[in-house]
Amino acid sequence: MVTYIVRRVLLMIPTIFLISILTFFVIELPPGDFASRYAEALQAQGLDFDDEVLEGFRELYHLNDPTIIRYFKWIGGFLTGDLGYSIEHRRPVAEVLGERMVLTVVLSLVSLLFTWVVSFPIGVYSAVRQYSFGDYFWTVIGFLGLAIPNFLLALVLMFVISKYFGGAIGGLFSREYQDAAWSIGKVLDLFRNIWIPVIVVGTASTAGLIRVLRANLLDELKRPYVELARAKGLTERKLIIKYPLRIAINPFLSSVGWVLPGLISGAVITAIVLDLPTAGPLYLRSIRAEDMSLAGTFMMFLAMLTVVGTLISDILLAIADPRIRYD
Amino acid sequence: MATASGPVLFQEERVQSTYDASQWRLMRISFARHKLAVVGAVVVVLGYFIALFAEFVAPYDPGAITFVSPARSNQLIPPKLPRIVHPDGGLRWFFVHPLVEMRDQETLMVTYPEDTSVSYPIRLFVRGAPYKLFGFIRSDIHLWGVADGRAYDDPEKVRLHLFGTDQKSRDVFSRILHGTRISLSIGLLGVAMQFVLAIVFGTISGYFSGPLDNAIQRLIEVLTSVPTLPLWMVLSISIPQSWPVIRVFFAITIILSLLSWPGLARQVRGKVLSLRETEYVVSARLDNAPTSRIMFIHLIPGLMSHLIASLTLAIPGTILGETSLSFLGLGLHEPAISWGVLLQDAQQLRTILFAPWLMIPVIPVILFILAFNFVGDGLRDAADPYKS
Amino acid sequence: MAPERPLLEVNDLRTYFFTSLGTVRAVDGLSFSVPLQRIVGIVGESGCGKSVAARSILGIIPPPGRVVSGSMHFDGDQGLLDLAALDPHDEVYRKTRGKEISMIFQEPMSALSPVHTVGDQLVEALMLYDEQLTKEDARDRCIGLLRQVGIPSPETLIDAYIFELSGGMRQRVLVAMAISGEPKLLIADEPTTAIDVTIQAKVLDLLRHLHEEKRMSMLFITHNMGVIAELAHEVIVMYLGTVAEQGSVNDIFDNPQHPYTQALLESIPGIGVEPKTTLQAIEGSVPDPYRRPPGCPFSNRCPSFKAGTCDAALPPLYRVSESQTARCFLLEGNEVVAEAAPPPEVSADG
């Protein structure tokens, strides 16, 4: 088991390294740099300055260094905990992103939890009572959930809530906690408000997971070992809990690998539509402004969240399935 | 079953045909049994038909601002259905009353009450704005329209806006129909690119194990670890604003496909790995058949049915990708018309509270995603005709 | 009929599957009995309904299949039960299952859960059959069972997973599971098909040994005539869901009456046969389950086919001798034991 984990962690290193290269060069892709965007913005306001000033600006933020050098500076800083400096916000990236990133992680993880808690009983029910009214009902709901894109759901929910309930949904906190320091009250307030974004972000993956779980369980229910358990004289309820459910846990655990990236992507767009105080809206602004260190850090974090999430799910999978463990 | 009555005979006939039918025939029969898949297929075919003949099917020009006069702005007209009950109580063929544009003196809002004293019928194949179908067939015949005798560019022309108009006085219904063109073709084109990438990388990776396989596997792993939407967002921001619509369209398609093939490639690889060990491929290899021949003659046809199903299921992702990007203002821009571009108008809560019909483009998005999912599911089941 | 009441008496059993393509009459008018302490072999090609018959007895027919008519009288601890009349979910039936009638499955690899240890799956069965049993005692008894079926160092293997065992060991685990309730009737569904020939003999030895030791009745299902000859006292030859011929081992091997039985016997290689003589394969194949030939089900492959007779009606069961019966028109003139009953009119939801 330990060797398995060690091997898995070692395999992660080249992946993260490659991701950092991909991230950096993709972020570098848009034409121009922060200086030119900044100049455009200032010129739009009627301010004019010559190229020399601009060059000085570039020198100051090392925008003129060759790409390779800047990559190693960036990744080197990353490894030592220095996330760089956001030129746009004139503050260290860690400071700008910090709280928002935590909220992004909280939103994604709560959505994952939501996905699991909702899809498990429904998936099991649909498989065990295949072709029942409930199965059809959830299949329809599931298909709709898959078909409605996150941001549309956010839009529609926003419309319905402001039109029919009079309230505005904005953000994750009530007004009194918006700018307050962290306290138990604020955390509780967060969980009072987080459910709308969680529904928006989690619906599609919940629908997907229900379908996977149902299909998997239906397969397992036909296996000879279920028949044997029945032939042993186990009651139907006991044998379903002990055998197929136990094995259907596997796709559930491995779902982290494909559900989490979807949730994170969904969280980004939902946050933009609902204007949540997470990192999503900040990211959109930073790529528009070509604030490279901010955008890069954000993307790197998201990728690492996925990689670590997959690692955890692989370890859980190995615990759940001896075949993997002994491989 | 023992009696030789009609229905039983029919059943036996059907049974007989499935028992020794070819694989494609079996697939067709299996697909036809999947009712939702058939419905989905009809919707999809209808969608592409509309995409081809949008100018004809749509009653109005989607791009041009409706001809306005100082007295008429035609902005944000609410949706209206044609009537069949005449004010005199009798039933008539579909007709409309002209709308009067009025400004409320207190709120300064524009309202559009109906002038019920006059009515004009809806007719099929009416003359309207001229267009060129496929770029060369000149015509001004539209599938339907209001027959009021006025010219199409007369500001007083009576129109029926099924889904209302937008802030620029354009007919939302016609714009949605025209939107099928980009929104649905980006799905097909994107999937075609993913198909090529997935086949190339998947077959290579599955057929030649070793370092090449390892490298491709690592690449796939990296691509699947990076959340797609943020990556799409940066990539599309690199598209120069000055590019013409068509070039932006291709650029967006490439961006969407570049990040979506790994899942498919993984499936192809798995399938190739199992096919590689089948007798017919092994014997071809022992016969010293060239690698390319083994791949194209033996492996890829074996993958086809599964791949087509997976590809159909990948179309919604591409459609959604374009819609999301355009909605965020990172994808296509006006004058291009896609459902995502249309939804840009619905971004502000204030706008949709006042004009909720601007959210209507949501419906075709959901409809076609559902339709493609149903068709894909049906195809996937049909690809395994021996399974159940 | 033997003076003693048989342990299991199956009469005109019909198990149908209602699929979207039509009704499959997997078991169609099957009658046989398993006397106390005897080994009855059921032999037939794949698809003849042997396995469905076994599952019908256990009441574990998967949907869309269902026992539609007939009776299965079982003389067990809970008195004489007609299993066919019981709902498969019935408590009485469930308590019979596994404890009094148990089954050895064909594929040990897929019949055992891959994510539970051997002990876990065995202890579960033991504790189900003896509710007073504590976990520790069950574990001890489980080790004893594993030793009894010839598993070396059962103390360690009890905590192994199924994929860590060899094919033969896995099959022994299945046997241990099947005998854990000390059943009166042990059904073995092709228990040696999935394992190596060298180990097959050992497993057969084990089964014979267990039979002698525990004096339980066995219903041995196989397509292998050789295995039948070695193990069974009585033989039932099945074809397309019904009995073609039945009798004692000697009757069937020395005096086969049904052309199908004769063909089956000709298709096995034997000692004393001239070298280089070609083995006789049976012409044609089992008909499409949706399209049975009219009349005798074997008529389309039968070398003694008589037009106008064999394809007109299902032959009745004729008596050959005191212990032997066969369903073939060639025996016309012999005493009719049972007329061929027409299949009942049933529908999927009946």
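Only the coordinates and a few stated rules stand behind these numbers; no lab work does. Note that the structure is a prediction, hence the values are computed from the model and not measured. Note that each Cβ is placed from the backbone with ideal geometry, even for glycine, and that neighbours are counted across all protein chains shown.
When both bridge partners sit in the protein assembly as shown, DSSP labels roughly 75% of those beta bridges antiparallel.
For region B:178-387, the direction-averaged projected area of the alpha-carbon convex hull comes to 13.9 nm². The trypsin sites (Lys or Arg not before Pro) of region B:319-388 that DSSP puts in a loop, and whose beta carbon has at most 11 other beta carbons within 10 Å, are B:Lys387. Shape summary: region A:94-320 maps onto an equivalent ellipsoid whose semi-axes, from the alpha-carbon gyration tensor, are 37, 21, 15 Å in decreasing order. Distance from the C-alpha centroid of region B:159-235 to that of region C:319-349: 66 Å, rounded to the whole angstrom. Per-residue extension of 0.36 nm, minus the Cα-Cα distance of B:Leu81 and B:Leu143, leaves a gain of 20.6 nm for this segment.
Counting chymotrypsin sites (Phe, Trp or Tyr not before Pro) as exposed when in a DSSP loop with at most 16 other beta carbons within 10 Å, what is the longest stretch of chain B free of them? Result for the longest clean stretch: B:209-385. When the alpha carbon gyration tensor of the protein assembly as shown is reduced to an equivalent ellipsoid, the three semi-axes, largest first, read 67, 38, 27 Å. With the convex hull drawn around the C-alpha atoms of region A:98-195, the volume per residue stands at 128 Å³. Counted residue by residue at 0.36 nm each, then reduced by the alpha carbon distance between them, the extension gain from A:Asp179 to A:Gln45 reaches 45.2 nm. Positive-end ranking of C:Leu331, C:Tyr161, C:Ser248 along the dipole of chain C, with charges on Cβ about the Cα centre, is headed by C:Leu331.
In peptide C:55-65, how many Cβ atoms from other protein chains are near each Cβ within 10 Å, on average?
For peptide C:55-65, the averaged partner shielding equals 2.
Each label was represented as a point 7 Å from its Cα along the Cα-to-Cβ direction; for B:Ala32 and A:Val53 these points are 7.6 nm apart. A P(r) calculated from all alpha carbon pairs of region A:18-82, with 5 Å bins opening at zero, reads 4, 14, 21, 22, 16, 11, 8, 3, 0 percent. The spread of Cα positions in region B:315-388, taken along each principal axis and listed from longest to shortest, comes to 54, 23, 16 Å. Computed on chain B, the Cα convex hull volume stands at 220 Å³ per residue.
Percent of C-alpha pairs per 10 Å bin in region A:45-115, short distances first: 16, 31, 27, 18, 6, 1. Projecting the Cα atoms of B:Gly206, B:Gln267, B:Trp232 onto the dipole axis of chain B, where Lys and Arg carry +1 and Asp and Glu carry -1 at the beta carbon, places B:Gly206 farthest toward the positive end. For region B:71-143, state which trypsin sites (Lys or Arg not before Pro) are in a DSSP loop and have at most 16 other beta carbons lying within 10 Å of their beta carbon. For trypsin sites (Lys or Arg not before Pro) across region B:71-143 that sit outside H, G, I, E and B with at most 16 neighbouring Cβ atoms in 10 Å, the list is empty. Loop sites here are chymotrypsin sites (Phe, Trp or Tyr not before Pro) outside DSSP states H, G, I, E and B with no more than 14 other Cβ atoms within 10 Å. The longest part of chain A free of them is A:183-325.
In percent, rounded to a whole number, the relative contact order of region A:25-115 is 14, using alpha-carbon pairs under 8 Å and six or more apart. If you wrap the Cα atoms of region B:254-340 in a convex hull and average its projected area over all directions, you get 7.0 nm². Sparsely packed loop sites in region C:188-222 (the trypsin sites (Lys or Arg not before Pro) outside DSSP H, G, I, E and B with at most 12 other Cβ atoms within 10 Å) comprise C:Arg215. Were the residues from B:Leu286 through B:Leu212 laid out at 0.36 nm apart, the gain over their Cα-Cα distance would be 24.4 nm. If you plug the beta carbon distance of C:Ser71 and C:Glu182 into 1/(1 + (r/R0)^6) with R0 = 35 Å, you get a FRET efficiency near 0.85.
Taking label points 7 Å from Cα along the Cα-to-Cβ direction, B:Trp243 and C:Glu45 give a separation of 6.4 nm.
Counting only other chain Cβ atoms within 10 Å of each residue's Cβ, the peptide B:372-379 averages 1. Each of the GluC sites (Glu not before Pro) that DSSP puts in a loop and that has at most 13 other Cβ atoms within 10 Å breaks chain B; the longest unbroken stretch is B:157-276. Each 20 Å bin from zero up to the one holding the largest Cα-Cα distance in chain C carries the following percent of pairs: 29, 57, 14, 0. Cβ-Cβ distance of C:Ala307 and C:Asn224, R₀ of 45 Å, FRET efficiency by 1/(1 + (r/R0)^6): the value works out to about 0.85. Can you work out the PRE-style zone for A:Arg8? Point 7 Å along Cα to Cβ, and I want the residues of region A:297-327 with backbone N under 13 Å. Those under the cut-off are A:307-327.
Assuming charge only on the beta carbon of Lys and Arg (+1) and of Asp and Glu (-1), the dipole of the protein assembly as shown about its Cα centre is about 1160 debye to the nearest 20.
Under 18 Å from a point 7 Å along the Cα-to-Cβ line of B:Tyr48: which residues of region B:180-204 have their amide N that close? What the label zone holds, given the 18 Å backbone N cut-off, is B:180-196.
Each Lys and Arg adds +1 at its Cβ and each Asp and Glu adds -1 at its Cβ; summed about the Cα centre, region A:94-320 shows a dipole of about 960 debye.
The label point for B:Leu108 and the one for B:Ala192, both projected 7 Å from the Cα toward the Cβ, are 5.2 nm apart. The phi-based Karplus calculation (6.51 cos²θ - 1.76 cosθ + 1.60; θ = phi - 60°) puts the 3J(HN,Hα) values of region C:136-153 at 5, 4, 4, 5, 4, 5, 4, 4, x, 4, 4, 5, 4, 8, x, 8, x, 5 Hz, whole numbers, x for Gly and Pro. Calculated FRET efficiency, C:Thr193 to A:Leu109, Cβ-Cβ distance, R0 = 51 Å: about 0.55 to the nearest 0.05.
DSSP finds beta bridges in chain C, and of those with both partners inside it, around 65 percent are antiparallel.
Evaluated with a Cβ-only charge set (Lys, Arg +1; Asp, Glu -1), region C:1-90 carries a dipole of roughly 320 debye about its Cα centre, given to the nearest 20. Over the protein assembly as shown, DSSP H runs of length four or greater, each weighted -39,500 (n - 2.57), average out per residue to a 222 nm ellipticity of -17000 deg cm²/dmol. Place +1 on the Cβ of every Lys and Arg and -1 on the Cβ of every Asp and Glu in the protein assembly as shown, take the dipole about the Cα centre, and give the residue among B:Ser73, C:Gly44, C:Ile195 whose Cα lies farthest towards its positive end. With unit charges placed on the Cβ atoms, the residue in question is B:Ser73.
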